[in-house]
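These notes concern the structure reproduced below.
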Amino acid sequence: MEPTRSNPLGTAPIGRLLPKFAIPSVIAFLVTSLYNIVDQIFIGQGVGYLGNAATTVAFPFVTASTAIALLMGIGTAANFNLNLGAGRRDTARQVAGTGLTVLAVLGVCLGLAAYFLRAPLLTFFAATPDVFPYAMTYTGIIAFGLPMVTFTTGASNMIRADGSPAYSMFCTLSGAVLNTILDPIFIFPLDMGVDGGALATVLGQALSLALALGYLLRTKIRTVPLTRADLRPKARLLKDIFSLGMAPFFNQIAMLLVQVVLNNTLTYYGAQSQYGSDIPLACVGVISKVNILVLGFTIGISQGCQPIFSFNYGAGKYSRVREAYRKAIIVATLICCVAFLCFQLFPRQIAGIFDSSGSQLYFQFSERYFRIFMLMTFVNAVQPITSNFFTSIGKAKKGILISLTRQVLFLIPLILLFPLLWGIDGVMYAGPIADTAALLVAGLLTWREMRRMPAQDKLQAV
């Protein structure tokens with residue numbers, strides 16, 4: 001038990017640990033989101049709303065990449081820290097090796113599927129005839145970067161769990177900085193359009209991958225150094241990784257389903273409205289990216305808490321688990337309240353960042369969508385943090401349930417039902433109702449879990 005007693009995750013004050021792990025995680029997740037946001041801004045300014053619509057219909061590929069990265073990254077990191085907290089160092093080492101190898105294989109498979117199947121998939125994702133050529137070009141290039149960003153995002157969780165949150169952040173940040181520098185160069189002076197935005201993204205992802213591999217090859221996981229034998233996947237450990245990674249994975253898959261249903265619903269009902277089919281598709285892409293930027297804070301905080309939750313729960317230090325959860329919810333909710341005020345007060349200005357030359361109908365739809373669909377933004381921190389909390393303490397089924405509540409159980413049915421009653425406005429009303437229902441489910445399950453968790457720490461009981 002000596003490693004458990006001396007590890008800072010089990011001894012340092014929560015108020016010091018939380019920013020140490022959460023801030024780099026937040027920055028890393030925000031930077032990952034910025035890849036797509038920066039592309040959307042420069043493509044929107046250089047190509048117009050059809051270019052923005054192209055990135056919208058291509059975005060499910062990025063969501064699938066994030067889903068795989070979190071499945072393996074969170075699942076591996078949570079199992080790694082749980083075993084480390086319980087003193088099982090050999091198992092922790094084998095978990096890390098298995099997770100990293102399978103992560104690389106799945107990333108390559110996704111890239112191949114995106115490249116060779118992009119035509120039928122983009123049609124399924126609701127690409128209109130005007131948008132389709134842009135989307136084909138954009139997706140054909142970013143397909144080469146999908147294996148790289150998948151591995152980097154997943155491996156960053158492992159690097160963070162190894163006690164190096166700052167380096168984990170640096171890996172992602174460096175690639176995003178390069179992408180931001182190259183985007184305007186490729187799109188404007190070189191006049192490469194959507195090709196330039198996609199190429200800048202891939203080059204940035206390549207840099208991030210090189211840095212992540214550099215850490216893994218240099219340190220071989222410094223907490224419990226890996227051997228070559230550890231990199232051979234082990235089925236029994238893979239099952240454990242999947243079980244704890246399923247909650248964030250299903251959450252991303254649910255987001256992908258929402259994107260597909262939303263795109264198709266908006267194009268169908270948009271064609272029957274004054275907006276047409278392309279304006280709602282472009283607007284919802286912009287607003288979704290902005291929302292993902294906000295979610296970057298909450299998801300980043302939840303991922304930063306994962307080593308703290310897992311290690312202390314594995315070590316039986318339940319009071320520290322409660323304290324970390326409470327402080328994470330408070331901080332993330334304050335951030336969401338700021339986002340809520342921005343969405344309600346400045347929707348036109350936010351939409352204008354992505355396409356300042358948009359029509360009056362473009363801005364009219366954007367303003368309504370921001371103010372109605374995003375009405376409950378101030379409570380949106382609870383679901384991702386609570387889902388990751390249950391996953392981190394080894395209760396994957398509850399984590400999966402919470403991850404599916406908003407998107408699958410509530411939002412998708414409402415998106416399909418409400419437009420039958422109110423047309424395209426029905427899509428907007430579905431958002432705040434789904435958010436409220438998901439909040440109630442997450443709150444109830446958390447309250448019950450906190451009551452069940454032993455009131456006394458194991459070490460105190462002994």
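The values are calculated or read from the model by the stated rules, or taken from the named source; none is laboratory data. As the structure is a prediction and not an experimental result, all values here were calculated from the model. FYI the Cβ positions are ideal-geometry reconstructions off the backbone, even for glycines, and counts take in every protein chain you see. Each accessible area value is taken on the protein alone, full model and side chains, heavy atoms only, with ligands, DNA and RNA left out. Shrake-Rupley method; radii C 1.70, N 1.55, O 1.52, S 1.80 Å.
Normalised by the number of residues in the chain, the mean separation of alpha-carbon contacts (under 8 Å, six or more apart) gives a relative contact order of 23 percent. Region 368-436 and region 234-310 have Cα centres separated by 10 Å. The candidate values are [x] 34, 28, 22; [y] 37, 26, 18; [z] 74, 25, 19; the one derived from this structure for semi-axes √(5λ) of the Cα gyration tensor in Å carries the label [y]. A 1.4 Å probe run over the protein chains yields, for region 263-421, 34 Å² of accessible area per residue, whole-number rounding.
Couplings 3J(HN,Hα) of region 422-431, computed from phi: 10, x, 5, 5, x, 4, 5, 5, 5, x Hz, in residue order, whole Hz [Karplus 6.51 cos²θ - 1.76 cosθ + 1.60, θ = phi - 60°; x for Gly and Pro]. Shape analysis of region 137-216 places it in the prolate category; the axes a ≥ b ≥ c from the Cα gyration tensor give an a/c of at least 1.5, with a/b above b/c. Which of rounded, prolate, oblate describes region 53-129, given a ≥ b ≥ c as roots of the alpha-carbon gyration tensor eigenvalues and a/c under 1.5 marking rounded, otherwise prolate only if a/b is larger than b/c? Since a/c reaches 1.5 and a/b is larger than b/c, the shape of region 53-129 is classed as prolate. Extension gain for the segment residue 234 to residue 113, taken as residue separation times 0.36 nm less the Cα-Cα distance, is 41.0 nm to one decimal. Between helix 132-142 and the chain there is an angle of about 30 degrees, using the helix long axis and the longest principal axis of the Cα atoms. Along the axis of the charge dipole computed for the chain (Cβ charges of +1 for Lys and Arg, -1 for Asp and Glu, origin at the Cα centre), the listed residues 246, 131, 106 are led at the positive end by 246. Think of the chain as a dipole: +1 on every Lys or Arg Cβ, -1 on every Asp or Glu Cβ, centred on the Cα centre; then among 416, 295, 272, 295 lies furthest on the positive end. A simple spin-label model places pseudo-atoms 7 Å from Cα toward Cβ; at residue 337 and residue 188 they are separated by 3.8 nm. For region 159-173, the Karplus equation 6.51 cos²θ - 1.76 cosθ + 1.60, evaluated at θ = phi - 60°, returns couplings of 5, 5, 5, 7, x, 10, x, 5, 5, 4, 5, 4, 4, 6, 4 Hz by residue, with Gly and Pro reported as x. Between residue 16 and residue 409, the FRET efficiency estimated from the beta carbon spacing at R0 = 51 angstrom works out to 0.85. Across the cross-link table entries 20/234; 234/327; 20/327; 239/327; 239/289, which are compared at the Cα atoms, the separations over 25 Å belong to 20/234; 234/327; 239/327; 239/289. The dipole here belongs to the chain: it is taken about the Cα centre, uses +1 on the Cβ of Lys and Arg and -1 on the Cβ of Asp and Glu, and is about 2260 debye. Debye-formula intensities of region 359-411, expressed as log10 I(q)/I(0) at q = 0.16, 0.22, 0.24, 0.26 Å⁻¹, are -0.60, -0.81, -0.88, -0.95 (one equal scatterer per alpha-carbon, no solvent). Taking the Cα centre of region 12-152 as reference, the dipole from Cβ charges on Lys and Arg (+1) and Asp and Glu (-1) amounts to some 580 debye.
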